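Notes to accompany the following structure.
The values are calculated or read from the model by the stated rules, or taken from the named source; none is laboratory data. Quick caveat, the model's predicted, so the values are computed rather than measured. Don't worry about glycine lacking a Cβ; one is built from the backbone with ideal geometry, like all the others, and counts go over all protein chains shown. The protein model used for the area step is the full one, side chains on, heavy atoms only, and it has no ligands, DNA or RNA in it. Shrake-Rupley method; radii C 1.70, N 1.55, O 1.52, S 1.80 Å.
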Amino acid sequence: GKRITYSLYTLGDVLGTIKSFDIAGKQAEPLASFKNELVFDVVWLPSGQWLLARYGQKGPSYLRSQIGMVSHAGGQIQPITRDTNTYDTLTVSADGKTAATVQVRTTNSLSLIPGASSQANAPVQPLAQAQDVQSVSWTAAGKLLVSDGQSLRTMNPDGGQQSTILNDPNSWLTDMARCGDRYIVLAWAFHGGTNQVHIWRTNSDGSNPAQLTNGAFDRFPVCSPDGKWVYYYDGTGPHYPKTVPLDGGQ
């Protein structure tokens, strides 16, 4: 009862950190830092020698949390679960012999809903060809722009004629938006081994990527109607909405 242990996002040289706050001394000290893991929940085991932790790994599925153990002396996370599920919340019984969590299995599908000029009661069916969709937008040519986290591809509205235009298996590609006929803007996390999320611009075919922002957690880009500016969300604040020229700049 003398210390408070907690997790936080650092998004710098390391991705996640566990700290311990001494109540009497009113000082916080790092207990463990992780370059490739984002730590969510931490719970002490009764012995005081180990912590249970719920964490996600850097990459296209970093929000799919798993459960592991961390020594009181620091060091790396020792995995307990290694699967395709997600685990939400984490508690430990008083005797330290049982951990309780909520196992979540998520499936994402993509469906097109008829517009006003279509038959109002037409059935809506998910596209079988578009699995594990994390974000979606439209191209200037009327195709779908779909991300599964690690790749960006275009396809016809019926799911046919798929083509991968951008691929980065160690990163997370999300929040795409079209900028006129020439460009696509998107949030690109962990690109080049970083622990940050930046806004990038590519040509409409995915070529010539250019980094537009340098914040730690920049997301949700959208282009202005005149195609000159990109509006986006700066997750580190204090002024969350920001703009940057589409051609690059401050």
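Projecting label points 7 angstrom from Cα along Cα→Cβ for ALA94 and THR107 puts them 4.2 nm apart. Tally Lys and Arg at +1 and Asp and Glu at -1 over the other residues with C-beta under 15 Å from the C-beta of ALA140: what net charge comes out? Overall, the nearby charge balance is +2. Take every pair of alpha-carbon atoms less than 8 Å apart whose residues are at least six positions apart; their mean separation over the length of the chain yields a relative contact order of 10 percent.
In this structure, the pairs whose alpha-carbon distance is over 25 Å, taken from LYS19/LYS58; LYS58/LYS143; LYS2/LYS97, are LYS58/LYS143.
Report note on the peptides 174-180, 137-143, 3-9: ranked by the mean count of other C-beta atoms within 10 Å, highest first, their order is 174-180, 3-9, 137-143. Note on the chain: with neighbouring protein chains present and a 1.4 Å probe, carbon and sulfur make up 50 percent of its accessible heavy-atom surface.
A DSSP coil position with no more than 14 other Cβ atoms inside 10 Å describes the following trypsin sites (Lys or Arg not before Pro) in the stretch 206-246: LYS228. The order of PHE34, PHE217 by accessible area, most exposed first and with a 1.4 Å probe, is PHE217, PHE34.
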